[in-house]
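Report on the structure given below.
Since every read-out is calculated from the coordinates, none of them should be taken as a lab result. Being a predicted model, the structure only gives us computed values, none of them experimental. Neighbour counts run over all protein chains shown; Cβ positions are idealised from the backbone, glycine included.
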Amino acid sequence: MIIAVDGPAGAGKSTVCKILAERLGFVYLDTGAMYRALAWALLEADGRKQQAENGLPSHLADWSLPAARLEALPLLFSIRKNRLEIFYGERPLCDELRSPEISEAASRISRLPAIREFLVSWQRKLAEQGNIVAEGRDTTTVVFPEAGLKIFLIADLQTRAQRRLKEYIEKGITLSLEEIRLAISQRDEADAKRDHSPMRLAEGAVLLDTSDLEVEEVVDRLSELAGNIIKPVSLDGREL
């Protein structure tokens with residue numbers, strides 16, 4: 001069973017999908033974290049001092065980035081205890097993936113076909129390990145177009161910026177609300193207009209505006225939708 005959730009930055013995808021997965025006993029697959037991890041790994045592999053004018057090593061702007069280059073990175077994605085774990089060598093990656101720098105880098109490399117193909121392959125492999133709740137920006141259209149339940153979460157720009165500001169304050173990251181609004185607006189445009197796998201509403205997806213909803217209200221709504229398609233089974237595996 002796959003529940004796929006798409007939507008722009010700050011719509012609440014990560015928070016509600018994590019809770020929803022726990023409630024259903026599903027694996028939570030944060031595809032956005034995978035893009036941030038790959039951006040972090042590429043920056044780490046090349047040395048953070050070797051930056052181009054756009055804030056990234058020059059090869060990250062190269063649309064012919066070879067798959068062998070990606071596969072050679074000591075980056076490992078795995079599912080443990082119903083959650084995604086990411087390692088660079090023996091180093092677990094977590095909070096370092098949530099900085100504005102890495103978010104910007106992830107946005108830039110996500111436009112490269114080689115990057116998307118590499119990570120889509122990983123995401124489909126991980127989904128083979130059990131029932132999942134996957135969230136991102138193309139999970140309903142490209143990664144899991146046959147998902148049993150497809151959701152597209154939205155919220156107005158001001159609400160999304162305020163949510164991201166709160167998140168940054170909790171992590172000790174200093175940015176103004178206006179800076180965050182601008183960054184989110186630019187990310188929205190980039191995601192919608194990229195040539196490869198643009199963010200869009202998938203056919204058959206349920207559109208849900210979270211602007212005026214609390215987290216639990218969103219999770220309750222998604223749980224209700226999931227409950228309509230999840231069939232209970234007996235102990236011997238037969239549908240009831």
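If packing is taken as the average count of other Cβ atoms within 10 Å, what order do 206-219, 101-114 fall into, highest mean first?
Values: 206-219: 15.2, 101-114: 18.9.
Ranking the peptides 206-219, 101-114 by packing returns 101-114, 206-219.
Just to confirm a number: summing +1 for Lys and Arg and -1 for Asp and Glu over residues other than M199 whose beta-carbon lies under 11 angstrom from that of M199, what do you get? Please report the intermediate quantities before stating the final value.
Working: positive: R137, R187, K193, R194, R200; negative: D6, D138, D188, E189, D191.
Overall, the nearby charge balance is 0.
Cut-off is 10 Å between beta-carbons; in what order do R98, R36 appear when sorted fewest neighbours first? Let's see the in-between values first.
Numbers: R98 15, R36 24.
Neighbour counts put them in this order, fewest first: R98, R36.
Amide H to amide H, which residues 5 or more places from I154 or on other chains are under 5 Å from it, using H placed in the peptide plane?
Placed amide hydrogens put L208, D209, T210 under 5 Å from I154.
Students often check this: by mean Cβ neighbours within 10 Å, which of 125-134, 182-191, 67-76 ranks highest, and how do the rest follow?
Values: 125-134: 18.5, 182-191: 16.1, 67-76: 13.6.
The peptides rank, most packed first, as 125-134, 182-191, 67-76.
Which value in nm describes the separation of the simple spin-label points at E128 and D209, placed 7 Å from the Cα toward the beta carbon?
So the label points at E128 and D209 sit 4.2 nm apart.
Calculated FRET efficiency, S185 and E71, Cβ-Cβ r, R0 30 Å, to nearest 0.05?
Working: r = 34 Å, r/R0 = 1.14.
The value I calculate is 0.30.
Can you work out ³J(HN,Hα) from phi for every residue in region 35-41, in order, using Karplus 6.51 cos²θ - 1.76 cosθ + 1.60 and θ = phi - 60°, giving whole Hz and x for Gly and Pro?
Along region 35-41, the couplings run 5, 5, 5, 5, 4, 4, 5 Hz.
Rounded to the nearest 5, what % of DSSP beta bridges with both residues in the chain are antiparallel?
Values: 9 of 27 bridges.
Here the antiparallel bridges make up roughly 35 percent for the chain.
Please work out how much length the chain gains when fully extended from E224 to L157, using 0.36 nm per residue of separation minus the C-alpha to C-alpha distance, in nm with one decimal. Present the calculation step by step, with values, prior to reporting the outcome.
Values: separation 67, 0.36 × 67 = 24.12 nm, distance 2.65 nm.
Extending this stretch completely gives an extra 21.5 nm.
Expressed as a rounded percentage, what relative contact order does region 2-215 have, with Cα pairs under 8 Å and six or more residues apart? Intermediate values should be presented prior to the final figure.
Values: 317 pairs, mean separation 74.3, N = 214.
Result for region 2-215 is 35 percent.
What number, rounded to the nearest 500 deg cm²/dmol, is the helix-based mean residue ellipticity at 222 nm of the chain, given -39500 (n - 2.57) per DSSP H run of at least four residues and division by all its residues?
Values: 8 runs with 102 residues, N = 240.
Mean residue ellipticity at 222 nm (helix-derived): -13500 deg cm²/dmol.
Using the structure shown, list the pairs from K13/K193; K18/K125; K125/K166; K171/K193; K81/K150 with a Cα-Cα distance above 28 Å, or answer none.
Working: K13/K193 21 Å; K18/K125 19 Å; K125/K166 34 Å; K171/K193 30 Å; K81/K150 24 Å.
Table pairs above 28 Å Cα-Cα are K125/K166; K171/K193.
Around L126, with a cut-off of 12 angstrom between Cβ atoms, what is the net charge of the other residues, counting Lys and Arg +1 and Asp and Glu -1?
Details: positive: R80, R83, R124, K125; negative: D30, E85, E128.
That works out to +1.
Just to confirm the number: angle between the C-alpha axis of helix 113-127 and the first principal axis of the chain, 0 to 90 degrees, nearest 10?
30
Each residue of region 13-28 in turn: what ³J(HN,Hα) in whole Hz from Karplus with 6.51, -1.76, 1.60 and θ = phi - 60°, glycine and Pro shown as x?
4, 4, 4, 6, 5, 5, 5, 4, 4, 5, 5, 8, x, 9, 7, 9
Please list 3J(HN,Hα) in residue order for region 200-209, calculated via the Karplus relation 6.51 cos²θ - 1.76 cosθ + 1.60 where θ = phi - 60°; whole Hz, with x for glycine and proline.
My calculation for region 200-209 gives 7, 6, 6, 4, x, 7, 8, 8, 9, 8 Hz in order.
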